[in-house]
Amino acid sequence: MNISFKPITLDDKEVITSFTLNSPYMNCDFSFVNMCSWRFLYNSEYAVVDGFLLIRFQVEDNSHFVYMCPVGTGNLACAVELLEEDSLKRGHPLWLLGVTPEGRIALENTFPDGFRYMPERDYFDYIYLREDLINLTGKKYQPKRNHINKFTKLYRYEYMPITPELVPECLELERKWYQANRTDDDAEELSNERRSLTYALRHADKLGLIGGSICVDRQIVAFSFGAPINANTFGVHVEKADINYEGVYSMINREFTAHLSEQYIYVNREEDLGIPGLRQAKQSYHPALLLEKYTAVKKSRSSGKKCSECNQGNRLVHA
């Protein structure tokens with residue numbers, strides 16, 4: 001059976017989030033904002049088949065199709081075998097990326113010894129308790145409180161939600177940040193980030209993006225934005241600030257988190273990509289959970305349980 005994948009677009013938000021927001025998966029890969037705003041780089045596509053959301057995208061200069069763990073209810077064995085068939089047609093064994101411990105358990109129960117799991121430490125997600133990021137209680141958060149106290153002593157500031165009127169100012173701050181931080185080694189990565197960020201801000205309403213900014217002397221000096229990942233986890237996707245304002249990063253982190261809905265118990269601040277400075281910064285906020293993510297590679301079609309329904313004409317639902 002061929003899966004009718006289609007490109008992820010703004011119009012697909014409702015159908016995709018009907019799966020992701022009700023799932024137990026907390027990883028940032030399942031944020032619709034991330035899926036849509038980075039599609040230009042990964043050619044991300046989706047389909048809905050028999051109660052599962054299936055997602056595939058391309059890596060290695062678009063030469064290799066990889067997949068995300070199916071999300072939904074129903075026969076997981078059948079869903080995985082459909083993905084495997086799709087991958088084998090393209091000359092590769094099935095690779096599932098961003099598989100969390102919950103996803104690994106589901107796969108191991110369905111396909112005992114059917115996958116090889118490789119941890120990807122640079123892509124582990126840093127997940128924090130929302131209340132920890134707001135209250136900064138205890139000795140371990142003293143440096144953060146010091147930064148915030150310094151900022152409030154030096155500057156009169158205002159917190160402002162990001163509205164369409166503020167988007168040009170946010171983009172101007174990002175332009176200055178890019179010019180100050182760009183190097184020959186990371187020019188391509190930062191250019192891709194700029195493209196994703198710009199798309200997200202310019203389509204904020206349709207994406208369901210939530211953003212906030214810090215304004216000093218009528219000028220935006222920091223902004224952050226993100227979107228829900230599931231019912232109790234919010235993903236922070238971007239945070240930019242002018243470091244000439246002492247303590248500004250600590251301030252936008254706390255203020256943005258404090259203005260989120262109380263329904264979000266957890267805040268996912270994404271991975272560190274193996275960048276030493278970024279890893280240190282994320283660890284300094286003492287995550288409640290370092291969410292493991294694996295690449296799961298299917299060993300062979302003969303491994304694990306076979307789905308008796310897969311060859312009986314699965315119903316394809318609109319994707």
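The values are calculated or read from the model by the stated rules, or taken from the named source; none is laboratory data. What you see is a predicted model; the values in this text were computed from it and never measured. Ideal geometry is used to build each Cβ from the backbone, glycine not excepted, and the neighbour counts take in all protein chains shown.
Miscellaneous remarks
- Residue count, region 1-53 (criterion: part of a helix (DSSP H, G or I) and hydroxyl-bearing (Ser, Thr, Tyr)): 5
- Condition check for residue 144: crowded, with 20+ Cβ neighbours inside 10 Å, part of a helix (DSSP H, G or I) and basic (Lys, Arg): yes
- Residue 92, sole failed condition from (1) outside any strand (DSSP E or B); (2) surrounded by 22 or more Cβ atoms within 10 Å (Cβ to Cβ); (3) of a type outside the set (Gly, Ala, Ser): (2)
- Residue 190 vs. criteria at pLDDT 95 or above, within 22 Å of the chain's Cα centre (by Cα) and part of a helix (DSSP H, G or I): no
- Take the conditions (1) at pLDDT below 95; (2) within 28 Å of residue 179 (Cβ to Cβ); residue 308 misses just one of them, which is (2).
- When residues of region 189-223 are limited to those that are in contact (Cβ under 8 Å) with a residue 60 or more places away in the chain and of a type in the set (Ser, Thr, Tyr), the one farthest from residue 13 (Cα to Cα): 196
- Residue count for region 58-80, restricted to those that are of a type outside the set (A, V, I, L, M), touching a Lys or Arg at 6+ places or on another chain (Cβ under 9 Å) and part of a strand (DSSP E or B): 3
- Answer from 49, 80, 59 - the residue that is within 23 Å of residue 115 (Cα to Cα) and either surrounded by fewer than 21 Cβ atoms within 10 Å (Cβ to Cβ) or small (Gly, Ala, Ser) (or both): 59
- From the options 109, 75, residue that is of a type in the set (S, T, N, Q) and over 19 Å from residue 3 (Cα atoms): 109
- Where residue 163 falls short, out of the listed (1) under 30 Å from residue 20 (Cβ atoms); (2) in contact with a Phe, Trp or Tyr (Cβ under 9 Å, 6 or more places away or on another chain): (2)
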